[in-house]
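Undergrad: Below you'll find the structure I mean.
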Amino acid sequence: MTQDSGAAIKLTIEDGVAVITVDNPPVNAISQAVRQGLVDAIKTVAADSSIQAAVIRGAGKVFIAGADVREFGKPPVEPFLPDVIAAIEACDKPVCAAIHGVALGGGFEIALGCHFRVMDAKARVGFPEVNLGLIPGAGGTQRLPRLCGVEKAADLVTSGRQVAAKEALEIGLVDAIAADGDLLSAAKTLGLSKAGAPLPRISEMTVPAAAADFFTTEKTRVTRAARGQHSPLRALEAVEAAATLPFAEGMKRERAIFQELRSSDQAKALRHVFFAERAVSKVPGLEDAKARKLDTLAVIGGGTMGAGIAVACLRAGYPVTMIEADDAALERGRANVDKNLEGFVSRGRLSNEAKAEHMARLSGSLDYNALKDTDLVIEAVFEDMGVKKIVFGKLDAAMKPGAVLATNTSYLDIDEIAAATKRPGDVIGLHFFSPAFVMRLLEIVRPAKTTDDVVVTGFALAQKLGKVAVLSGVCDGFIGNRILAKMRKQADYMIEDGALPWDVDKAVEAFGLPMGPFRVMDLAGLDIAWAQRKRTAATRDPAERYVDIADKVCEEGWFGQKTGRGWYVYEAGKPSPNTDVEKIILAESARKGITRRAIDVQEIQNRILYAMINEGARIVDEKIAARPLDVDMVEIFGYGFPRWRGGPLCTADIIGLPKVLDDIRALEKADPLFWKPSALLERLVADGKTFSDLNQ
Ligand code: 3H9
């Protein structure tokens, strides 16, 4: 017999077992049709005397990926998931979940509502709701502690981490792991074997007692790890309810927290990130382009960036050729790669054998002809236009037709670099962030003549390297460093106006960034930006406000961590404010006739954030970024902007664009050059629109 409840749930009866298949591509998200279909199917199981047991499974590549994230912005529609799961659990015939792929969020909650769970050896289960600013909302926080204890439940729901089959069996989340290809029949057999026997219902179990101080210490740990995000602590609160309240009361508490979080700003921001992360590689207009062959890679230069990029490529399984200027430099390049890989070994993330295999895939040469069969090369030499042009001339001469020629420049004009070759259509920017084998962001920078297939080859490489790639047009600093420059300028203005570097850092870190701008400068080395300022001094707009403080700090030879002194003094690696810098700052304010004033945390945060928003809007308006979401992804994956704020342009939407514009206009009164509002921001406010409207 076959019952088709809408298209989302299919029911067949095989050997006395009702096989209930959730079929809602692509990931069997729990839409209203799925919920209704499950309720109907369970009614059929109860009513049909030929059925002795039931199996719930998923069609396609996963069991069930969770609630339909697209429904969260809309009013909930019955039947509600907790009621669907209660109906499954109440069924008086055994119901067994057959889990393959993943059972996540509401999908795992459905599995916990079943009496038994069988898992494919490659499957994973978990509660990723915290990553969406939520907590499990259909009994997950109440059933999980009953099954595996409070400690493990707290770990899983507060971290969102996914558990592989072996661990799931060990901690009692599932009853069995099926042999390869045998999942359905194992689930059917288990279900049938329990027909007529008393059925285990997790809601009826008691929660094993935890250590007396467990929740107190756990709250401290979770608060620290969450760095301003609310959902992990609220998830812990729900687990605590499971430990202290009867099941029905605990369910009410969980539901209340879930509902509260669902409409929160953090949940909105995290939903935006969820979809933006997936949309960012789907660039409008490139749908039909096909990536070029990408089997062999090369890097030019074995310094910090070149070696870092080589490591990222080796980790992804590519053979990599490194080109250097002389034997000594090549040896240093190899040693840099070796050292970086050794870091993976010492952290237990790579075996010695695997490291040796990685190193065996690295070849080195002084001769560009070694690249004649290479599919894609990434140049990472000194940031100097003359040097880059020479390198690209050599690449042009040596490489085969159809090879992709990429530069890792952070700010040079790639159109000019491309013009040094006879094949500008094959030239592209691949801007990695340091360390290249850690940082998730890759800016793909598209000069005017680059062909579509070269651009999508950049995206294909990013996917292989596990990176989030964002397309950028050519401009000074591209998306990320252009915004960073504006943000740093504001930070400089504020220290001349009355704040101190550590006040700025503290306020920025309280906003949720991992490090304030002055701490970052100390880490990167103040000398690099100093050299850049000297290079561009002649072309600087004379009308623009220029703060000399950083130059004076550099003149003292204080370049940050590497010299033990910068904005901060480093003793035993620990930073403390550099009081000599404070003297320089006070003297500079006095020299410029500035009466220093107190600048509070709110003002610091606003000026930093609005500088980012205004520049981000300009970048979208100039079509350097295709959509606001591209700017948000650059900031989150390249600069540590908190995910739970959704990126600067999502934050602007949440604050409300009319308020953002009013605030910028108020700042404009004191500094009209810096704070001229972006024309896009003005248009959006005039039209009653948001940045999010431009993402659709
Ligand atoms: C929840 O369950 C709350 C409950 O506790 C309480 C309820 C009362 N909804 O990632 P992919 C789409 S909260 C809607 O590229 P993969 C995705 O947008 C939920 N759509 O594939 C994409 O669409 P498009 C907790 C979803 O193979 C397509 O599916 N669950 C959902 O790399 C393919 O996705 C989660 O947070 C969804 N839930 O990875 C799980 N999930 O093609 C989130 C995916 O148009 N999902 N889509 O861009 C995942 O982790 C991954 O998608 C998964 C597949 C591992 C499943």
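Undergrad: Going from the alpha-carbon gyration tensor of segment 440-509, what semi-axes, largest first and in whole Å, does one get by taking the root of 5 times each eigenvalue? Intermediate results must be reported in sequence, preceding the final value.
TA: Values: eigenvalues 247, 46, 4 Å².
Calculated on Cα positions only, the semi-axes equal 35, 15, 5 Å.
Undergrad: Return, ordered by residue number, the residues of segment 522-540 whose backbone nitrogen is under 12 Å from a label point located 7 Å along Cα→Cβ of residue 673.
TA: Flagged as within label range: 540.
Undergrad: Here's another thing I want to ask about it. Evaluate the distance, in nm, between pseudo-label points positioned 7 Å from the Cα of residue 167 and of residue 259 along their respective Cα→Cβ axes.
TA: Spacing of the two 7 Å Cα→Cβ label points: 3.4 nm.
Undergrad: If packing is taken as the average number of other Cβ atoms within 10 Å across a peptide's residues, how do 90-103, 380-393, 258-271 rank, most packed first?
TA: Ranking, from highest mean packing down: 90-103, 258-271, 380-393.
Undergrad: At a threshold of 8 angstrom on Cα-Cα distance, excluding pairs fewer than six apart, so keeping six or more, what relative contact order does the chain reach in percent?
TA: For the chain, the relative contact order is 9 percent.
Undergrad: A further question follows. Order of 421-433, 357-369 by packing, highest average Cβ count within 10 Å first? Walk me through the numbers before you get to the answer.
TA: On the way: 421-433: 21.8, 357-369: 14.9.
In descending order of packing, they fall as 421-433, 357-369.
Undergrad: Moving on. Roughly how tilted is helix 183-193, in degrees to the nearest 10 and between 0 and 90, from the longest Cα axis of the chain?
TA: 30
Undergrad: Placing unit charges on C-beta atoms (Lys and Arg positive, Asp and Glu negative, everything else neutral), compute the dipole magnitude of the chain about its Cα centre in debye, rounded to 20.
TA: Working: 87 positive and 92 negative charges, 9 e Å.
The calculated dipole for the chain is roughly 40 debye.
Undergrad: What accessible area per residue, rounded to a whole number of Å², is obtained for the chain using a probe radius of 1.4 Å? If you can, show how the numbers build up before the last one.
TA: Values: 28960 Å² over 696 residues.
Computed with neighbouring chains in place, this is 42 Å² per residue.
Undergrad: Counting each DSSP H run of 4 or more residues in the chain as -39500 (n - 2.57), what helix-only mean residue ellipticity at 222 nm follows after dividing by all residues, to the nearest 500 deg cm²/dmol?
TA: After summing the helix terms and dividing by residue count, I get -15000 deg cm²/dmol.
Undergrad: Quick one: if you stick a label point 7 Å off each Cα along the C-beta vector at residue 687 and residue 363, how many nm between them?
TA: 5.4
Undergrad: Provide the packing ranking of 173-182, 135-144, i.e. peptides ordered by the mean count of other C-beta atoms within 10 Å per residue, highest first.
TA: Answer by packing, highest mean first, reads 135-144, 173-182.
Undergrad: If you roll a 1.4 Å probe over the chain with all protein chains in place, what percent of the accessible area is carbon or sulfur?
TA: After summing per-atom areas, the C and S share lands at 55 percent.
Undergrad: Treat every Asp and Glu Cβ in segment 244-348 as -1 and every Lys and Arg Cβ as +1, leave all other atoms uncharged, and give the resulting dipole magnitude about the Cα centre to the nearest 20 debye.
TA: With Lys and Arg at +1 and Asp and Glu at -1, about 580 debye.
Undergrad: Can you tell me what share of the DSSP beta bridges in the chain is antiparallel? A percent to the nearest 5 is fine.
TA: Given both bridge residues lie in the chain, the antiparallel proportion sits at roughly 35 percent.
Undergrad: Each label point is 7 Å from the Cα along the Cα-to-Cβ direction; what then is the distance between the points at residue 83 and residue 249, in nm?
TA: 2.5
Undergrad: Would you mind telling me the antiparallel percentage of the DSSP bridges in segment 43-173, rounded to 5? Mind showing how you got there, number by number?
TA: Values: 3 of 14 bridges.
Beta bridges within segment 43-173, antiparallel portion: roughly 20 percent.
Undergrad: Angle, helix 32-47 long axis vs. longest principal axis of the chain, Cα atoms, 0 to 90°, nearest 10?
TA: 20
The values are calculated or read from the model by the stated rules, or taken from the named source; none is laboratory data. Keep in mind the model is a prediction, meaning the values are calculated, not measured. Every residue, glycine among them, receives a Cβ derived from its backbone with ideal geometry; neighbour counts consider all protein chains shown. The area values use the complete protein model at the heavy-atom level, side chains included, leaving out ligands, DNA and RNA. Shrake-Rupley method; radii C 1.70, N 1.55, O 1.52, S 1.80 Å.
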